[in-house]
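The values are calculated or read from the model by the stated rules, or taken from the named source; none is laboratory data. Only a predicted model underlies this, so the values are computations on that prediction, with no experimental measurement involved. Cβ atoms come from the backbone with ideal geometry, glycine included; neighbour counts cover every protein chain shown. The accessibility values were calculated without ligands, DNA or RNA, using every heavy atom of the protein model including side chains. Shrake-Rupley method; radii C 1.70, N 1.55, O 1.52, S 1.80 Å.
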Amino acid sequence: MATTLAHRMRPISLKDVLGQKHIIGEHALFTQFVKKKHPMSTILYGPPGCGKTTLASALANDLHIPYRLFNASTGNKKEMDTIIEEAKMYGELFVIIDEIHRLNKDKQDHLLPYIENGLIIIAGCTTANPYHSINPAIRSRCQIVEVKSLDQNDIVKGLKNALVSENGLKQQFQVEEGVLEYIAQLSGGDIRYAYNCLEVCTILSPDSMITLQIVKKALPKANNQYDKDEDQYYDTLSGLQKSIRGSDPNGAMYYLGKLIEANDIESLERRVITTAYEDIGLANPQACMRTVIAFQAAKVIGFPEARIPIASAILDLCLSPKSKSSETAIDAALNSLKKHCYCAPAYLRLTPVGLEEDERYNYNRPELWEYIQYLPDPIKNEQFYIPWMTSSYEKALAENYRRILKHGRTNQMKKLNKK
């Protein structure tokens, strides 16, 4: 049965692996595993198509030990029992576990003793961040290894090999200048995606020449390497938020463009509105409100037109003055509560008991309200709110705040009510 180009070009030895010098370089971890014939369980994490499973199988080949593949999503306990029996028979077995972050607790508990005693050496592969997604019991028994996206030079090298290799295209096709670089540029570090594109080009080509025009037909847009459940998606959301905070409209538009490809208004709405109130806040409250309205409009009209009000709101936030005074104030209050929690003064309570009428809060004297002490006595001088003087609006708030602080506050309600 015919196999894909990507499958045929998969390296069988570490020396054939593209990139990843931090893992397979002269003194790197996998090289030493082979050199000293002393492998250990590892978790390989990184984006799709960067070579996690390839690295694991190449390591097993170089170690000359038997290995098995197990998919944590689809594999069952019966398959795992078979693997354990094989390990006992061989005395040692290398097991590549795809999507290891989906390994449920029963399977983990079943596997752990054999990982612990070294009967089974695992190479867990995942696109998720293992520090967040993998059970600590598994994680503590493994070396954590990040597998990085391939750079364009590595992708081009791989494509050149595919054109001439006996396992690849066997020199049956030539490429126009710039074709391999174009594929590499749009592959997003995913060598599998690049091989698949080259293979589609061989199908679309009317002869043995692959032109740029054919490639553009096969590869209409760049490869986005994430879906809504993967870490890279949230990294892109983080890039958007930090671009807004750093007042970079170009960065914000770039990350917004990537997120629009995922077609997820809800996640964008939560992150951008949070950013508006967290990073812009009192410096420009109207921009915060405009952001809420923009997303209301976006959800009514849907993509692709929704990109316009969202982009407008994000540019507004990017170029607005910034203030984190609201976030800082509430966080300071919450930190204070962790140290001590006091009751509201008696005169502020909903139904004060044992107070004379002139000792109570007076609902009919608004001119006195800003003179009343609202904090409990032990923390009466705490100041949780610190103004950011980044906009005329918050400067006006700060001026009013200074005026109130200047005349002070009192808990002597009887004396205050006599004024």
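How large is the dipole of region 1-129 about the Cα centre if only Lys and Arg carry +1 and Asp and Glu carry -1, each at its Cβ, rounded to the nearest 20 debye?
Working: 15 positive and 13 negative charges, 63 e Å.
The calculation lands at about 300 debye.
How many nm is it between the label spots at Gln174 and Leu112, if each spot is 7 Å from the Cα in line with the beta carbon?
With each label placed 7 Å out from Cα toward Cβ, I get 6.2 nm.
When the convex hull of the C-alpha atoms of region 1-137 is computed, what volume per residue in Å³ does it have?
Numbers: hull volume 17.2 nm³, N = 137.
Output value, Cα hull per residue: 126 Å³.
Is there a quick way to get the dipole size of region 228-319? I mean about its Cα centre, with the Cβ of Lys and Arg at +1 and of Asp and Glu at -1; what is the value in debye to the nearest 20?
280
Could you check how many percent of all C-alpha pairs in region 152-218 are farther apart than 20 Å? Numbers along the way, then the final one.
On the way: 315 of 2211 pairs.
It works out to 14 percent of all Cα pairs.
What relative contact order, as a whole-number percentage, does the chain give when Cα pairs under 8 Å and 6 or more residues apart are counted?
Once divided by the residue count of the chain, the mean separation gives 12 percent.
Around Leu317, with a cut-off of 14 angstrom between Cβ atoms, what is the net charge of the other residues, counting Lys and Arg +1 and Asp and Glu -1?
It works out to a net charge of +1.
To check you understand DSSP bridge types, tell me what percent of the beta bridges within the chain (both residues inside) are antiparallel, rounded to 5. It would help to have the intermediate numbers written out before the result.
On the way: 0 of 22 bridges.
Antiparallel bridges make up about 0 percent of those DSSP assigns within the chain.
Let me make sure I get this right: for region 70-126, a, b and c are the square roots of the gyration tensor eigenvalues over alpha carbons, sorted descending. Under 1.5 in a/c it's rounded, otherwise prolate if a/b > b/c, else oblate. Which is it?
prolate
Could you tell me which of Leu348, His407, Tyr374 has its Cα farthest along the dipole of region 339-418 towards the positive end, charges placed at Cβ (Lys, Arg +1; Asp, Glu -1), taken about the Cα centre?
Comparing the listed Cα positions along the dipole, His407 ranks first.
With just the Cα atoms defining each centre, how far is region 35-79 from region 351-419? Give it in Å.
Value for the Cα centre distance between the two parts: 65 Å.
Could you pull the Rg and Dmax for region 145-297, using just the Cα atoms, both in Å?
According to the Cα coordinates of region 145-297, Rg and Dmax are 20.5, 65 Å.
Highest mean first, how do 109-121, 73-85 rank when packing is the count of other Cβ atoms within 10 Å averaged over residues?
So the peptides 109-121, 73-85, ranked by packing, come out 109-121, 73-85.
So for region 108-183, what are the equivalent ellipsoid semi-axes in whole Å, largest first, each being the square root of 5 times an eigenvalue of the Cα gyration tensor? Intermediate results must be reported in sequence, preceding the final value.
On the way: eigenvalues 332, 51, 13 Å².
Over the Cα atoms of region 108-183, the ellipsoid semi-axes are 41, 16, 8 Å.
Measure up Lys52/Lys216; Lys148/Lys258; Lys380/Lys414; Lys21/Lys160; Lys322/Lys395; Lys52/Lys160 against 23 Å on the Cα-Cα distance and list the ones that go over.
Lys52/Lys216
Ignoring ligands and nucleic acids, what accessible area does Trp388 show with a 1.4 Å probe (Å², nearest 10)?
Trp388 has an accessible surface of roughly 100 Å² with all protein chains in place.
When you count, for each residue, the other Cβ atoms within 10 Å and take the mean per peptide, how do 236-244, 172-180, 53-61 rank with the highest first? Working shown, then result.
Numbers: 236-244: 20.4, 172-180: 15.8, 53-61: 22.0.
In decreasing order of mean packing, 236-244, 172-180, 53-61 become 53-61, 236-244, 172-180.
If I ignore ligands, DNA and RNA and count only protein heavy atoms, how much of Phe303 is accessible to a 1.4 Å probe, in Å² to the nearest 10?
Solvent-accessible area, nearest 10 Å²: 50 Å².
Less than 15 Å Cβ to Cβ from Gly354, Lys/Arg counted +1 and Asp/Glu -1: what total charge do the surrounding residues give?
Values: positive: Arg349, Arg360, Lys414; negative: Glu356, Glu357, Asp358, Glu359.
Around Gly354, the charge tally is -1.
Once you have a ≥ b ≥ c as the square roots of the Cα gyration tensor eigenvalues for region 228-319, tell me rounded if a/c is under 1.5, and otherwise prolate or oblate according to whether a/b is larger than b/c.
oblate
Top to bottom by accessible area (1.4 Å), largest first, where do Lys148, Lys105, Lys414 land?
Listed by decreasing accessible area, they come as Lys105, Lys148, Lys414.
Which of the peptides 307-313, 326-332 is most tightly packed, and how do the rest follow, judged by the mean count of other Cβ atoms within 10 Å per residue?
For the peptides 307-313, 326-332, the packing ranking is 307-313, 326-332.
Whenever you get a sec, compute what percent of the accessible area on region 246-290 sits on carbon and sulfur atoms (1.4 Å probe).
Here it works out to 51 percent.
Along the charge dipole of the chain, which of Gly46, Gln172, Ser205 sits closest to the positive end, that is, farthest toward it, with unit charges on the beta carbon of Lys, Arg, Asp and Glu (+1, +1, -1, -1)?
Value: Gly46.
For Cys341, tell me the accessible area in Å² from a 1.4 Å probe, rounded to the nearest 10.
Answer for Cys341: close to 110 Å² accessible.
If you place +1 on the Cβ of every Lys and Arg, -1 on the Cβ of every Asp and Glu, and leave all else neutral, what size is the dipole of the chain about its Cα centre, to the nearest 20 Debye?
Its charge dipole is roughly 1100 debye.
Report which label in [x] 58, 54, 41; [y] 64, 44, 39; [z] 98, 56, 39 holds the value of Cα extents along the principal axes in Å derived from the coordinates of this structure.
The value matching this structure is [z].
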